Amino acid sequence: MLKKPLRMRYRKMLLFLFDIFCFSVVAALYYLTTNLDASIQPTPVNHFLICCAVLLAWILLVRIVTGTYFKVWRYTNTNSLLMLVISDTLGGIFGAITCKVILARLFIDSDPSIWLFIVVASLNAILTLVSRFVYRIVYKYIDGIRDASNEKKVPSNRIPVAIVGAGQVGYSLAHELLSGRYSNYKPLFFIDTDGSKVGSYVANLKVYPENDAVLDLIREQGVAEIFIAVTGLEDAKAANLYHFYSRTACKIKIYDSEMRDMGEKAGPRKLREFSIEDLLFRKSIHFLEGEARAFYTGKVVMVTGGGGSIGSELCRQIAACEPKRLIILDIYENNAYDIQQELSFQYGNKLDLRVVIASVRDRERMEAVFNELRPEIVFHAAAHKHVPLMENNPCEAIKNNVFGTNNTADMAEKYGVQKFILVSTDKAVNPTNIMGASKRLCEMVVQCRKDSKTAFAAVRFGNVLGSNGSVIPLFRKQIEQGGPVTITDRRIIRYFMTIPEASQLVMQAGAMAKSGELFVLDMGKPVPIYDLAVNMIRLSGFVPNQDIEIKEIGLRPGEKLYEELLMKSENLDKTENNLIFIERDQPLTREELQAKLNLLSRVVKETQGQVNAAEIKAVVKQVVPTFREPEEVNRNAADSDEMKLSRK
């Protein structure tokens, strides 16, 4: 049997020869017909053959140039047929000009009639179109016989599915299912919101309306999986469809392009599982482009905490901007090694990459790093971030987060860093725990330096999907173990974004920062953690609270029911990006900040011998005026704007 490339070339050669045959038939009929009329002076045979040869050559040449012979005609569309007509029209015009202007001078005794070119070219185009239509009909018939044969070969226990979307995308998917690409699936019917399609048949499958009644039909027909095949599907619409059809307990998949959310030209569609990112309730945000990306080109950039979830993604994004040098600084060598190997493999010698193992708490070590490597831009992502752990280890939170940030900021100023960007969190707003309070103090460290030659700024955002220690990996592990999935409180809500979004926001802010700004992202609606748990269980193919239990275990120390991105008392300024805002509050002076740091330093030294020091929390409450007890916040949580927004 011929290999596929040879078989394709063989078919195209046959098609080419067939078109020559069709032209020959049309030309012969024209010659015979015109010579029957005795009143018309017949064209000499040799002149006629020369004109036909020229006309045929032009028609075939234009068809080749326009790609006619590179199309798969059994899948062709109206545009392809129209292009064939245009090609033959142009071929006829060029052939007529060639014969009447050039060849007529060689054969002075015979000027070829213009009708030869008009009639032969037109009839040839018509015959070619008819042949293509016949080819498609015959192939479809043969394909139908093949499908019927395949149907007999396919096991009878195929998975019954329903297709949502009876448009072109849905038809393409149905054709693939019926032709055997996904031979394990058997499509039963379509579902569509277009009333003009309801009741009709697409690919021999009936189209039903999308309403509550169709959910009963899905159950009655024994549908096991539902495929979403809709044109122009955005995240919000995908989430709505998922939630509607998840009421059937069927597994739901999406027939989509992998590059839909990347702002690029859509790639080939394929069936894939829904991801938790599809259910973010908003379209994924892409910040970094144009001038913002160019800002990092040719710069020496350092990322502290560069091996962490946010830090490593920052390193990936920065590496793509072609920096002069990328410095990864981290205390945990395993994470630093992983991102080093990834970037070295991807960029090789094109990227000047340095990895430094150091703690931001070690002031002397940080000074040595800055003195030797001289970064121009610093992203400070190194921090302890786990709320319950830091609640039980407050001394470490203060030493690493607050004094580590202060050390790094001091070195940035001393060694002439151009910009210093702090990665902060929504937990710094009206904090109810040590971790959040420590990050608020980090923001104060940055904001008090408005008089510095180094441009300092902070970026605040919510929870990051899939980051180390976040709820997503925890839920996934609990589901794999058969449950229960544990949530602290059924009412709790959080803002979410993806790791690339968070990293791009930080880099966008870095490019925009001037001095002392606190950048905040409009993150849309907060997401109930209970709903997140339900969705993850369903995405795993289980029924919540039936196959996998969702269990409330109570709020952890320092945890509140909702997080805030903005301090209510301050004003927000817009930036050129309508999703990024600047929160402006009155920063502390350097002297005021230093007084707070002195208090913290003293209490840290006094409690070195204690594991969990209540004295530290008392001082933190003193130096962070917005600190509030979690019980106080949770008592009135139902009346907060964030909780109301999550219920809309």
Give me the pairs: first residue in segment 166-178 and closer than 9 Å to V230 by Cα and open to solvent by 20 Å² or more (accessible area, probe 1.4 Å), second residue hydroxyl-bearing (S, T, Y) and not in a helix (DSSP H, G or I), beta-carbon distance under 8 Å, and six or more apart or on different chains, which are they? G167/T231; Q168/T231
Can you tell me which of (1) at pLDDT 90 or above; (2) assigned to a helix (DSSP H, G or I); (3) surrounded by fewer than 23 Cβ atoms within 10 Å (Cβ to Cβ) is the one K439 doesn't meet? (3)
Among what's in segment 199-255 and is open to solvent by 50 Å² or more (accessible area, probe 1.4 Å) and of a type in the set (F, W, Y), pick the residue that is modelled with the highest pLDDT. Y208
Members of segment 559-607 found to be of a type in the set (G, A, S) and at pLDDT below 80, listed by number: S569
Among (1) surrounded by 11 or more Cβ atoms within 10 Å (Cβ to Cβ); (2) at pLDDT 65 or above, N79 falls short only on (1)
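Based on this model, can you work out whether F496 counts as crowded, with 22+ Cβ neighbours inside 10 Å and within 30 Å of E376 (Cβ to Cβ)?
Judged against the criteria, F496 is not a match.
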Criterion (modelled with pLDDT of 90 or more, open to solvent by 20 Å² or more (accessible area, probe 1.4 Å) and not charged (D, E, K, R)) met by exactly one of F403, F420, F379: F403
Restricting attention to segment 382-396, report how many residues are open to solvent by 50 Å² or more (accessible area, probe 1.4 Å) and either charged (D, E, K, R) or within 17 Å of G307 (Cα to Cα) (or both). 4
Among (1) buried (at least 22 other Cβ atoms within 10 Å of the Cβ); (2) within 30 Å of E549 (Cβ to Cβ); (3) at pLDDT 90 or above - the single one T486 does not satisfy: (1)
Can you pull out the residues in segment 601-628 that are closer than 28 Å to D585 by Cα, open to solvent by 40 Å² or more (accessible area, probe 1.4 Å) and of a type in the set (A, V, I, L, M, F, W, C)? A618
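Kindly provide the set of residues from segment 499-526 that are among the basic types (K, R) and either open to solvent by less than 20 Å² (accessible area, probe 1.4 Å) or over 22 Å from the mean Cα position of the chain (by Cα) (or both), ordered by number.
Just the residues of segment 499-526 that are among the basic types (K, R), to begin with: 514, 525.
Result: K514, single match.
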Limited to segment 480-516, what total is found for residues that are of a type in the set (D, E) and closer than 19 Å to I310 by Cβ? 1
Regarding D522, is this residue modelled with pLDDT of 85 or more and either out of contact with any Pro (no Cβ under 8 Å at 6 or more places or on another chain) or of a type in the set (K, R) (or both)? no
In the set R158, R74, R63, which member is within 30 Å of Y208 (Cα to Cα) and at pLDDT 65 or above? R158
Do you know which residues across segment 334-388 are of a type in the set (S, T, Y) and over 28 Å from the mean Cα position of the chain (by Cα)? S359
(1) open to solvent by 50 Å² or more (accessible area, probe 1.4 Å); (2) at pLDDT below 75; (3) out of contact with any Ser or Thr (no Cβ under 8 Å at 6 or more places or on another chain); (4) among the β-branched types (V, I, T) all hold for T89 apart from (2)
Exactly one of Y337, Y296 is among the aromatic types (F, W, Y), open to solvent by 40 Å² or more (accessible area, probe 1.4 Å) and touching a strand residue (DSSP E or B) at 6+ places or on another chain (Cβ under 8 Å), and that residue is Y337
Sort through V402, V417 and tell me the only one that's assigned to a loop (DSSP other than H, G, I, E, B) and closer than 20 Å to S515 by Cα. V417
Does segment 527-535 contain any residue that is open to solvent by 20 Å² or more (accessible area, probe 1.4 Å) and either assigned to a loop (DSSP other than H, G, I, E, B) or at pLDDT below 80 (or both)? no
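The values are calculated or read from the model by the stated rules, or taken from the named source; none is laboratory data. Source: prediction; values computed, not measured. Virtual Cβ from ideal backbone geometry, glycine too; neighbours counted across all protein chains shown. These area figures cover heavy atoms from the full protein model, side chains too; ligands, DNA and RNA do not enter into them. Shrake-Rupley method; radii C 1.70, N 1.55, O 1.52, S 1.80 Å.
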